[in-house]
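Inspection log for the structure reproduced underneath, given as structure tokens.
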Amino acid sequence: QVQLVESGGGLVQAGDSLRLSCSASERLSNVYNMGWYRRAPGKEREVVAFIVAGDIAKYADSVKGRFTISRDKADNTLYLQMDSLKLEDTAVYYCNWMTPGNEYWGQGTQVTVSS
């Protein structure tokens with residue numbers, strides 16, 4: 001069973017930066033969509049950013065200009081660079097990878113932004 005493992009979350013102050021990472025326990029082929037989602041307390045899970053068709057990145061309006069999604073094909077890792085963090089970015093962040101016929105989720109990493 002392939003597992004995705006996120007890391008990089010933590011407690012930061014508003015305006016700080018964090019970089020999340022997501023790695024697979026084994027190399028996956030034909031990954032056509034890689035993304036980050038988050039669930040804030042009391043809210044539904046929402047998409048944050050994703051990469052499709054290889055390298056086309058899409059972002060939620062709430063994070064445009066502050067977050068950057070990227071992937072390192074060599075080490076099979078997905079990243080989310082989060083800059084200018086706001087209180088409302090506090091959430092559990094999950095990575096999601098899709099291959100034909102399969103969808104994989106990480107266990108989540110907590111990001112807490114304080115004032």
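The values are calculated or read from the model by the stated rules, or taken from the named source; none is laboratory data. Keep in mind it's a predicted model, so treat the numbers as computed, not measured. Counting neighbours? That spans all protein chains shown, and the Cβs are built from the backbone with ideal geometry, glycine included. Heads up: the accessible areas ignore ligands, DNA and RNA and are worked out on the full protein's heavy atoms, side chains in. Shrake-Rupley method; radii C 1.70, N 1.55, O 1.52, S 1.80 Å.
When D16 is evaluated against the numbered criteria (1) part of a loop (DSSP other than H, G, I, E, B); (2) open to solvent by 80 Å² or more (accessible area, probe 1.4 Å), which criterion, by number, is the only one it fails?
It is condition (2) that D16 fails.
State all residues of the stretch 19-46 that are part of a strand (DSSP E or B), more than 14 Å from G108 (Cβ to Cβ) and among the small types (G, A, S); if no residue qualifies, say none.
S23, A24
What tally of residues in the stretch 47-83 results from selecting those that are open to solvent by 80 Å² or more (accessible area, probe 1.4 Å) and in a strand (DSSP E or B)?
Matching residues across the stretch 47-83 total 2.
How many residues, within the stretch 19-43, are open to solvent by less than 90 Å² (accessible area, probe 1.4 Å), farther than 18 Å from I69 by Cα and in contact with a Ser or Thr (Cβ under 8 Å, 6 or more places away or on another chain)?
Of the residues in that region, 3 qualify.
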